[in-house]
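The values are calculated or read from the model by the stated rules, or taken from the named source; none is laboratory data. What you see is a predicted model; the values in this text were computed from it and never measured. Neighbour counts run over all protein chains shown; Cβ positions are idealised from the backbone, glycine included.
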Amino acid sequence: MVDSGGPVVGDTVLAGTSGIRAPAEVFNSIFVVFLGLGTLVGVVVISYTLYNAYKYRYREDEDPAPELERPELGELPESGGKGKKLFLSFGISALIVLSLVIWTYASLLYVEGAPTEAQQNGVDVLDIEVDGFRFGWQFTYPNGAQTSELRVPANRMVNLSVTSQDVFHNFGIPELRVKSDAIPGQTTNTWFVAEETGTYTANCYEICGEGHSGMDAKVHVMEPEAFQEWYANTEGETNGTHEGNESAGGEDHALSGPDEPAAPGALAPARAGGAP
Ligand SMILES: [Cu+2]
């Protein structure tokens, strides 16, 4: 309902009211512009080709262009107008391509830098750590709470730090246009703003073993107040293995167990109650 611009389902995720251009929106406009320009160029080129094919078609009785000086076999054709047409078409193409490159790159830089910039501007960003493991996901909130389902407030910038405890995974929520590698020993950042409340599904998008297809997690986009209420109740809660993955293949690896490989700062099992 924001702007029914794209043909894509993006409407659920555009960050209209928060005033932030969510990656979903940015990618949507890149998609639409490329699709539009591609279609336009295609239509022009194909129509012009067909037009010329028709205009200069072979006719037994008459020469379609009697004024044309045709090169003889072995002779190089001389372009009319000192290659004006050639330079013009090259010039325009180069201009279009360069503009697209610059614009796309700038958009990607914006998407990359937005959370940092937002934080500098005092925007309230929710940071959540995402840990992939065979075969499930664990979410760690700033207060140390850990859950197997992702709960986020609507209309707020959510910054995800994605990593893995074992092998390569890939964390993705298609409806929110979120997708990020989960690599052991590395942290990848991605972010989104969900505008509409609802339940979505996160999946693993990097084949990682026999339980890969069941490696999903519910994503709840909640009303901000409802989220705050829920969040306040998680205080001090250390293992949110609520009921784990209901899908087949989940569960066999206890997730919040003490894991020896101690990923760099990743899974510090939330100082339970002790420290202030
Ligand atoms: Cu996986």
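Among the residues of region 197-220, count how many are touching a residue at least 60 places away in the same chain (Cβ under 8 Å), more than 15 Å from the ligand (Cβ to nearest atom) and touching an Asp or Glu at 6+ places or on another chain (Cβ under 8 Å).
The qualifying residues number 3.
Tell me yes or no: at least one residue of region 150-159 is in contact with a strand residue (DSSP E or B) (Cβ under 8 Å, 6 or more places away or on another chain), over 19 Å from His220 (Cβ atoms) and of a type outside the set (A, V, I, L, M). Step through it out loud before you land on a result.
We begin by selecting, within region 150-159, every residue in contact with a strand residue (DSSP E or B) (Cβ under 8 Å, 6 or more places away or on another chain); these are 150-159.
Subset that is over 19 Å from His220 (Cβ atoms): none.
Scanning region 150-159, I find no residue that is in contact with a strand residue (DSSP E or B) (Cβ under 8 Å, 6 or more places away or on another chain), over 19 Å from His220 (Cβ atoms) and of a type outside the set (A, V, I, L, M), so the answer is no.
Return the pair list, or none, for Cβ contacts closer than 7 Å from residues in region 126-144 that are in contact (Cβ under 8 Å) with a residue 40 or more places away in the chain to residues that are crowded, with 24+ Cβ neighbours inside 10 Å and outside any strand (DSSP E or B), at least 6 apart or on different chains.
Phe135/Met215; Gly136/Met215
Tell me the residue from Ser148, Ser107, Ser93, Ser89 that is within 16 Å of the ligand (Cβ to nearest atom) and either at pLDDT 85 or above or among the acidic types (Asp, Glu) (or both), please.
Every option except Ser148 fails the conditions.
Could you tell me which residue of region 167-190 is nearest to the ligand (Cβ to nearest atom), considering only residues that are over 16 Å from Gly113 (Cα atoms) and free of Cβ contacts under 8 Å to residues at least 40 places away in the same chain?
Looking at the filtered set, the residue picked out is Asn170.
Looking at (1) under 13 Å from the mean Cα position of the chain (by Cα); (2) away from the ligand (no atom under 14 Å from the Cβ); (3) surrounded by fewer than 23 Cβ atoms within 10 Å (Cβ to Cβ), find the lone condition where Val193 falls short.
So the condition that Val193 fails would be (3).
Being assigned to a strand (DSSP E or B) and either among the aliphatic types (A, V, I, L, M) or surrounded by 16 or more Cβ atoms within 10 Å (Cβ to Cβ) (or both) is the filter here, so list the residues in region 196-206 that pass it.
Scanning region 196-206 gives Tyr200, Ala202, Asn203, Cys204.
On the given criteria, is Val123 in contact (Cβ under 8 Å) with a residue 12 or more places away in the chain, away from the ligand (no atom under 16 Å from the Cβ) and not basic (Lys, Arg)?
Spelling it out, Val123 is indeed in contact (Cβ under 8 Å) with a residue 12 or more places away in the chain, away from the ligand (no atom under 16 Å from the Cβ) and not basic (Lys, Arg).
Given the conditions (1) outside any helix (DSSP H, G or I); (2) within 30 Å of Ala22 (Cβ to Cβ); (3) in contact with a helix residue (DSSP H, G or I) (Cβ under 8 Å, 6 or more places away or on another chain), which single one is not true for Pro64?
(2)
May I ask you to say which residue of Gly132, Gly144, Gly209 is in a strand (DSSP E or B) and not polar (S, T, N, Q)?
Sole residue among the options that is in a strand (DSSP E or B) and not polar (S, T, N, Q): Gly132.
I want to confirm something. Restricting to region 147-186 and keeping residues that are part of a loop (DSSP other than H, G, I, E, B) and β-branched (Val, Ile, Thr), which single residue is farthest from Phe31 (Cα to Cα)?
This residue is Val167.
Would you tally the residues in region 117-130 being on the phi < 0 side of the Ramachandran plot and surrounded by fewer than 13 Cβ atoms within 10 Å (Cβ to Cβ)? Don't jump to the end; show me each part of the working.
The initial filter retains those residues of region 117-130 that are on the phi < 0 side of the Ramachandran plot, namely 117-121, 123-130.
Keeping just the survivors that are surrounded by fewer than 13 Cβ atoms within 10 Å (Cβ to Cβ) gives 117, 120-121, 124.
Total meeting the criteria: 4.
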